[in-house]
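Beneath this line is the structure, given in structure tokens, with notes to follow.
The values are calculated or read from the model by the stated rules, or taken from the named source; none is laboratory data. Being a predicted model, the structure only gives us computed values, none of them experimental. Note: ideal-geometry Cβ built from the backbone for every residue, glycine included; neighbour counts use all protein chains shown. The area values use the complete protein model at the heavy-atom level, side chains included, leaving out ligands, DNA and RNA. Shrake-Rupley method; radii C 1.70, N 1.55, O 1.52, S 1.80 Å.
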Amino acid sequence: MIELFFSVVSAVFPVGCIVLIGFIFGKNFSIDEPTLSKLALYVLFPALLTDIMYRTTLSIESAIGIFIAFGLTYLLLCLISWGIGRRLGFSESLQKSLLATTALPNSGNMGLPVTLFALGEAGLERAVIYLISWNIIVMSTMPAILKGGGFRSGIIFTFKVPIIWGMILGVILNSFNIELPLKLDDGLHLLREAAIPVALLLMGIQISKNRFQPGTYDLSASLIRLLGGASVAYLVGKILNLEMLDLQVLVLQSAMPSALTSFLIVNEFGGDATRTSKIVVVSTLLSFLTLPIVLWAIGATS
């Protein structure tokens with residue numbers, strides 16, 4: 001039992017240590033956070049996706065299965081959170097915030113490193129497919145849901161996100177067996193290696209800038225995201241009869257805390273931005289307690 005405990009915690013502990021370093025740094029130094037965020041968004045994460053798709057051996061069947069599974073999980077979480085908000089008589093802005101924080105897991109900054117530590121490179125490949133599915137489906141629908149901008153504007157917004165183009169480049173290189181000259185693939189891999197540590201440090205810095213006392217709503221909404229997301233994903237994966245590793249990745253990614261993107265989308269397109277930012281931070285902190293439980297439940301104890 002002790003060995004099992006340490007095996008599960010070891011998948012989360014390295015992530016927590018890097019976030020803690022970012023937190024300590026943020027408390028002691030001032031930093032141009034927006035510029036660092038742009039570096040991660042426009043350079044490091046596109047390089048990460050390009051490199052993974054360039055080298056992946058993942059079958060098209062697994063990729064399609066994960067895409068469909070995420071889409072169904074996302075739809076169900078949207079419906080559940082909207083129903084809860086209506087049932088409890090939340091204002092329209094709070095309903096939108098609950099929907100965003102419930103349906104949008106942090107499958108990038110948090111999800112990729114946890115999956116890598118827990119399930120290895122094969123798990124990371126599937127986590128990237130989940131992240132790509134997240135970007136395609138969420139970015140083409142959530143702005144329209146919150147603002148009513150329509151499907152077309154959502155699609156246009158999706159193709160402004162650089163990680164989509166990083167994914168497309170990687171797929172092209174892989175599909176046509178193109179070998180990069182002058183060891184450019186080594187340079188690409190070096191950029192990829194920087195993406196996850198920088199993202200985790202940024203998360204720690206973000207947490208260090210917030211001072212608040214979480215209330216009942218903040219804790220409840222965070223648990224809906226963390227445990228509700230995992231439960232819905234598990235049911236969807238079982239219904240679709242996903243293979244074990246695909247199911248593990250689907251559940252683990254869906255058990256992540258609320259994405260920082262949920263705050264950015266709510267702030268831009270409508271909803272309670274203050275409440276949303278609190279859920280992002282509270283769910284992130286709580287995830288270090290809930291993720292070991294989820295990892296144990298899905299048998300991700302390698």
So ARG275 clears everything in (1) assigned to a helix (DSSP H, G or I); (2) within 16 Å of ALA103 (Cβ to Cβ); (3) open to solvent by less than 40 Å² (accessible area, probe 1.4 Å) except one condition, right? Which one? (3)
Among (1) open to solvent by less than 60 Å² (accessible area, probe 1.4 Å); (2) touching a residue at least 12 places away in the same chain (Cβ under 8 Å); (3) under 25 Å from SER81 (Cα atoms), LEU188 falls short only on (3)
Within the range 107-128, restricting to residues that are open to solvent by 10 Å² or more (accessible area, probe 1.4 Å), touching a residue at least 12 places away in the same chain (Cβ under 8 Å) and outside any loop (DSSP other than H, G, I, E, B), the one that is nearest to CYS17 (Cα to Cα) is PHE117
Quick check on the range 288-299. Is at least one of its residues open to solvent by less than 10 Å² (accessible area, probe 1.4 Å) and closer than 27 Å to ILE163 by Cα? yes
Considering the range 28-69, residues that are small (Gly, Ala, Ser) and open to solvent by less than 80 Å² (accessible area, probe 1.4 Å), and then whichever is farthest from ALA127 (Cα to Cα), we arrive at SER37
Take the range 72-89 and flag every residue that is assigned to a helix (DSSP H, G or I) and open to solvent by 20 Å² or more (accessible area, probe 1.4 Å). LEU72, LEU75, LEU76, LEU79, ILE80, TRP82, GLY83, ILE84, ARG86, ARG87
Take the range 10-67 and flag every residue that is free of Cβ contacts under 8 Å to residues at least 24 places away in the same chain, assigned to a loop (DSSP other than H, G, I, E, B) and over 28 Å from ASP185 (Cα atoms). PHE29, SER30, ASP32
